[in-house]
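Take a look at the structure set out below.
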Amino acid sequence: MSPMLKPVVSVRRVLASVGVCILLAGAFLSITSHAQAQEPSASLTREDVSGLSKLPEVQRLGDDTTAYVFRMGWEELKPQLAGTQALEAIEDPQIQAFFKAFKAASERPHPASPFFKFLLAALHDQLVMVTRPIPGGQTQPSEEEEEQGKTAKPSTQNFAIITPGPQGKAQFGELYGKAIEALKEAAEAEAEKSKIGALTFDVLEKTGTGLHTAWNNERCYWAIGAGAARWAAESSAPPRSLARSELFQTTVGPLFKGQQRQPIALYYYDLRPWWRKVDSMDQQGMWKQVSWHSLDAVAGATFVEKDHYRNRHYWRIGPERYGLFKSSGEARINEAWLKRVPADCSGFTTGVYDAYSLMAFLPTIFMHLFGADENTIMQAPMFMMPFQPILKELGPRYLIYRMPGRYGSFPIADVFPLSNAVVISEVRDAAAFKRVLQTFAMGPVQPHTSTVLGRTVVSINVMYFTIYFAVLDNEVLISMHPQLLKDAIEAAERPGPSVMETSAYKEAVRHIPPKACFLLYMPPGGFSRGIYDHYIPMLQQAMALASAFRGFDSGQKPASTLDPIVFPRGSDIARHARQATILSAVDDGQGVLFDGTAPILATPYYWAYVHALNRLIPMEGEYPPLMLAVLPFIGLPE
């Protein structure tokens with residue numbers, strides 16, 4: 001490794017492990033879900049919003065807070081999970097063996113070991129993470145940052161509060177002290193002390209994104225930059241709290257409707273500042289063709305109910321509707337399509353969509369993960385322009401179902417989410433869509449037309465995979481697998497045993513509202529068989545190969561990483577899921593409420609770890625989050 005890069009990689013590689021370790025272990029702590037949707041109400045009662053004021057920190061945060069993420073600590077959570085399928089899965093011997101291996105990996109002799117031990121402890125504690133715009137828009141770099149060549153400064157402030165349970169505070173403080181020493185050694189510099197309010201912060205880097213941490217024997221503060229540290233240390237109540245914000249109440253309130261308990265996890269994002277920034281830079285109005293521009297805010301929460309989880313999400317729609325939200329209030333589930341979904345599928349998703357918005361969303365996510373700057377991300381819709389003739393003919397309804405490894409496929413293509421899936425989409429004009437497909441060409445991408453089972457099939461080769469389109473009377477079947485496409489063509493004319501005929505599906509959909517515009521369904525164990533068992537072996541092989549390649553360098557010490565063979569199988573999880581996972585959505589005129597239940601999957605709980613990886617790692621542009629996330633799996637080089 002280059003000596004010049006070593007200090008940067010050392011600190012940020014270790015910090016990246018916060019999200020990565022939590023993502024892995026958190027996946028097993030949040031592995032269950034069963035769903036029952038309810039008809040949302042446009043009006044909220046006092047009882048609906050009374051739980052908001054009980055959320056940690058919402059009274060001391062101002063209404064300028066644009067992100068709030070909460071996750072309950074294990075000491076408080078475990079009693080609530082008594083008798084649930086999720087706790088059964090967590091206590092499975094194979095899952096426990098994975099956790100023990102994780103702990104053992106953190107105890108191997110390595111400079112980062114103290115930090116890993118700290119992370120494993122923090123994984124079990126209450127976590128609150130928040131974001132706000134820098135007050136006054138002060139985004140200019142400091143003189144010290146300019147001297148170091150760091151001229152870009154984030155436009156937001158981010159901090160987190162980790163609160164250990166009463167039984168673990170002493171151990172947490174000890175682990176925190178050792179973790180800070182490990183970070184000092186990784187940075188090859190002395191951490192300075194900074195007194196801010198009643199807190200004394202350890203400052204590892206005096207820049208706008210430098211890490212500031214503090215432990216006051218009660219809570220741990222983790223702030224990115226001095227401004228965020230000052231915000232974290234504020235003790236006076238704001239003029240108007242987040243709990244009293246109208247947008248916060250109307251977005252988070254629907255999640256609490258009918259709930260007797262507090263959520264075990266919750267997220268909230270105010271999207272208006274982002275859209276204001278987009279509109280100021282989007283001179284051509286490209287983003288106003290994207291559905292997501294309709295959303296003022298989004299929120300989600302997980303509650304424990306009996307032996308399962310309830311997951312809810314609410315998308316608050318602003319004054320103008322774009323794309324799919326123009327039809328989400330009227331569109332309904334296509335029951336005829338459901339009869340064609342095979343009984344042995346690992347799950348399906350169906351509803352209303354906007355193809356252009358979906359395709360614009362994908363490059364936006366990848367650019368963000370790979371560290372693209374905001375100006376580049378703003379151009380994401382431009383990448384869809386060559387595909388506009390195809391995309392405008394698709395929709396507004398779709399269905400995707402996934403088959404768990406029925407056929408083999410080309411290894412590289414197997415990585416893509418649609419490798420074992422079939423998409424059914426309405427087309428506005430089937431004849432026009434067929435003509436566009438047959439004449440579509442972009443560089444080496446050329447269409448090929450065939451006749452399969454009496455239907456016209458157009459295949460388009462894109463690098464290492466092929467996309468197949470079968471155009472029917474008023475719909476198109478899309479798949480990356482030719483055998484699955486043939487199955488789908490046959491099912492359109494002669495449906496076989498359907499998922500609708502299974503007892504698990506009949507039980508799961510009993511409470512789905514008639515006005516649902518979206519439905520997600522996975523049979524018991526469907527996620528484990530169709531998703532987990534598909535991708536975890538790929539991760540295991542990548543980890544094993546990375547470790548083997550490191551062995552070619554005799555000067556490198558052995559990597560301090562997790563043994564890939566310790567990952568549990570999907571069946572270790574699935575055998576505890578006795579119910580289906582289901583999620584439906586209804587447009588109530590002010591927003592879209594997603595409501596469902598699950599035995600193991602708890603998406604809002606899991607999202608806390610994604611947010612931590614994205615917002616709480618000091619970044620200076622050398623390594624984007626996705627690359628940093630890979631480093632702990634490859635190994636931590638000396």
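The values are calculated or read from the model by the stated rules, or taken from the named source; none is laboratory data. Note that the structure is a prediction, hence the values are computed from the model and not measured. No Cβ is skipped: glycine too gets one built from the backbone with ideal geometry, and neighbour counts run over all protein chains shown. The accessibility values were calculated without ligands, DNA or RNA, using every heavy atom of the protein model including side chains. Shrake-Rupley method; radii C 1.70, N 1.55, O 1.52, S 1.80 Å.
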Return the pairs, sorted by first residue and then second, in which the second residue is part of a helix (DSSP H, G or I), the first residue lies in the stretch 523-549 and is closer than 9 Å to residue 564 by Cβ, the beta carbons are less than 6 Å apart, and the residues are 6+ apart or on different chains. 540/564; 543/564; 543/633; 544/564
Please work out if residue 365 is of a type in the set (Val, Ile, Thr) and under 27 Å from residue 342 (Cα atoms). no
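Okay, residues lined up against (1) within 26 Å of residue 61 (Cα to Cα); (2) in contact with a Ser or Thr (Cβ under 7 Å, 6 or more places away or on another chain); (3) buried (at least 22 other Cβ atoms within 10 Å of the Cβ):
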site	(1), (2), (3)
284	no, no, no
288	no, no, no
323	no, yes, yes
326	no, no, no
335	no, no, no
346	no, no, yes
Scan 106, 142 and give me the residue that is polar (S, T, N, Q), open to solvent by less than 30 Å² (accessible area, probe 1.4 Å) and at pLDDT below 90. 106
With the condition kept exactly as written, say whether any residue in the stretch 493-510 is within 17 Å of residue 389 (Cα to Cα) and of a type in the set (A, V, I, L, M). no
Give me the residue from the stretch 568-618 that is touching a strand residue (DSSP E or B) at 6+ places or on another chain (Cβ under 6 Å) and among the hydroxyl-bearing types (Ser, Thr, Tyr) and, out of that set, surrounded by the most Cβ atoms within 10 Å (Cβ to Cβ). 581
When only residues in the stretch 413-442 that are closer than 26 Å to residue 331 by Cα and part of a strand (DSSP E or B) count, which is nearest to the chain's Cα centre (by Cα)? 421
Take the stretch 448-469 and flag every residue that is over 34 Å from the mean Cα position of the chain (by Cα) and at negative phi. 448, 449, 450, 451, 452, 455, 456, 457
Within the stretch 52-72, take every residue that is surrounded by 21 or more Cβ atoms within 10 Å (Cβ to Cβ) and over 23 Å from residue 273 (Cβ atoms) and give me the one that is farthest from the chain's Cα centre (by Cα). 72
Filter the stretch 82-94 down to residues that are of a type in the set (A, V, I, L, M) and within 23 Å of the chain's Cα centre (by Cα) and give me whichever is nearest to residue 597 (Cα to Cα). 86
Subset of the stretch 455-479 [at pLDDT 90 or above and outside any strand (DSSP E or B)]: 472, 474
In this structure, does residue 327 turn out to be closer than 30 Å to residue 576 by Cβ and polar (S, T, N, Q)? no
Determine, yes or no, whether residue 232 is hydrophobic (A, V, I, L, M, F, W, C) and open to solvent by less than 40 Å² (accessible area, probe 1.4 Å). yes
For the stretch 271-282, give me the residue count where each residue is open to solvent by 80 Å² or more (accessible area, probe 1.4 Å) and touching a helix residue (DSSP H, G or I) at 6+ places or on another chain (Cβ under 7 Å). 0
Can we say residue 322 is over 21 Å from residue 249 (Cα atoms), without any contact (Cβ under 8 Å) to a residue 60 or more places away in the chain and aromatic (Phe, Trp, Tyr)? yes
